[in-house]
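Enquirer: Submitted below is the structure of interest, expressed as structure tokens.
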Amino acid sequence: MMIEKAKEIIASTSQKMAEAVEFLDEDLKTYRAGKANPAVFNAVMVNYYGSMTPVPQVASINTPDAKTIIIQPWDKKMIPAIEKAIMDANIGFTPQNNGEQIRINVPALTEERRRDLVKKARTAGENAKISIRNARREGIEILRKLQKEGMPEDVVKVSEGDIQKETDTFTKNVDELLADKEKEIMTV
């Protein structure tokens, strides 16, 4: 009974850590790294019939080549609203429309902008690591509380070791994500 409870705590802690890594991964996808990436529009909100909606939910977004993004709204009346949302989002794009679709030429990043993006990515990575460590701390606190309520000390020690292994694994995942994104950002 106690071993099952310990396994539940480890699984719950591991799940929280996985969510932190997933959040970081999704966040890093929105960083514009000098080549056309439709994911940068996931956070751009457009007023769609009175409700704020992400651009990918009101239009199809394609990248015909590494320096061009084409946004094809499902409703042509949305073109001005999408253009305004892109300008307001301040992501460094100047949209151009031909009445049918919005074309965006992706400008090359300056060295300074690349460094800023790397700094932003590292901050996001550190926040993910903090979330991972918080999950570890919470899991260990629960185990120690259960030890006071009668869980055997050896079960608690083994479980703490398992939680630490999970922490190390997820921290390594964060480091790998950051290294990949840094390389992508700094590649000219």
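Enquirer: Residues in the stretch 169-188: is at least one at pLDDT below 90, open to solvent by 90 Å² or more (accessible area, probe 1.4 Å) and not in a helix (DSSP H, G or I)?
Expert: Yes, the stretch 169-188 contains at least one residue that is at pLDDT below 90, open to solvent by 90 Å² or more (accessible area, probe 1.4 Å) and not in a helix (DSSP H, G or I).
Enquirer: If we keep just the residues of the stretch 135-168 that are open to solvent by less than 60 Å² (accessible area, probe 1.4 Å) and among the polar types (S, T, N, Q), which is nearest to Asp25 (Cα to Cα)?
Expert: It comes out as Thr167.
Enquirer: Considering only the stretch 72-79, I want to know if a residue exists there that is closer than 26 Å to Ile185 by Cβ and either out of contact with any helix residue (DSSP H, G or I) (no Cβ under 6 Å at 6 or more places or on another chain) or modelled with pLDDT of 90 or more (or both). Step through it out loud before you land on a result.
Expert: Looking only at the stretch 72-79, we keep the residues that are closer than 26 Å to Ile185 by Cβ, and these are none.
The answer is no; no qualifying residue exists.
Enquirer: What number of residues in the stretch 87-141 are within 19 Å of the chain's Cα centre (by Cα), closer than 28 Å to Ala59 by Cα and of a type in the set (Asp, Glu)?
Expert: The total comes to 0.
Enquirer: Please find, among Glu26, Glu83, Glu8, the residue that is free of Cβ contacts under 8 Å to residues at least 24 places away in the same chain, under 30 Å from Glu182 (Cβ atoms) and part of a helix (DSSP H, G or I). Talk me through it step by step, then tell me what you get.
Expert: Numbers: Glu83 fails: under 30 Å from Glu182 (Cβ atoms); Glu8 fails: under 30 Å from Glu182 (Cβ atoms).
Selected residue: Glu26, the only one of Glu26, Glu83, Glu8 that is free of Cβ contacts under 8 Å to residues at least 24 places away in the same chain, under 30 Å from Glu182 (Cβ atoms) and part of a helix (DSSP H, G or I).
Enquirer: Which ones in the stretch 89-104 are of a type outside the set (Val, Ile, Thr) and either at pLDDT 85 or above or part of a loop (DSSP other than H, G, I, E, B) (or both)? Walk me through it before giving the result.
Expert: Step one: list which residues in the stretch 89-104 are of a type outside the set (Val, Ile, Thr), which gives 89-90, 92-93, 95-101, 103.
Scanning the stretch 89-104 gives Asn90, Gly92, Phe93, Pro95, Gln96, Asn97, Asn98, Gly99, Glu100, Gln101, Arg103.
Enquirer: Still on this structure, I have one more. I want to confirm something. Restricting to the stretch 34-50 and keeping residues that are open to solvent by less than 60 Å² (accessible area, probe 1.4 Å) and small (Gly, Ala, Ser), which single residue is modelled with the highest pLDDT? Give the steps one after another, and end with the answer.
Expert: In the first step, residues of the stretch 34-50 are kept if they are open to solvent by less than 60 Å² (accessible area, probe 1.4 Å); the result is 34, 36-41, 44, 46.
Then drop every residue that is not small (Gly, Ala, Ser), which leaves 34, 36, 39.
Numbers: Gly34: 66, Ala36: 73, Ala39: 80.
Selected residue: Ala39.
Enquirer: Please specify each residue of the stretch 68-79 satisfying the condition of being open to solvent by less than 80 Å² (accessible area, probe 1.4 Å) and in a helix (DSSP H, G or I).
Expert: Let us first name the residues in the stretch 68-79 that are open to solvent by less than 80 Å² (accessible area, probe 1.4 Å), namely 68-73, 75, 78-79.
Met78, Ile79, listed by residue number.
Enquirer: Answer with yes or no whether Glu126 is in a helix (DSSP H, G or I) and touching a residue at least 12 places away in the same chain (Cβ under 8 Å).
Expert: Numbers: in a helix (DSSP H, G or I): yes; touching a residue at least 12 places away in the same chain (Cβ under 8 Å): no.
Criteria not met by Glu126.
The values are calculated or read from the model by the stated rules, or taken from the named source; none is laboratory data. Keep in mind that this is a model prediction, so the values were computed, not measured. Heads up, the Cβs are rebuilt from the backbone with ideal geometry, glycines too, and the neighbour counts pull from every protein chain shown. Note: accessible area is taken over every heavy atom of the protein model, side chains too, but ligands, DNA and RNA are not part of it. Shrake-Rupley method; radii C 1.70, N 1.55, O 1.52, S 1.80 Å.
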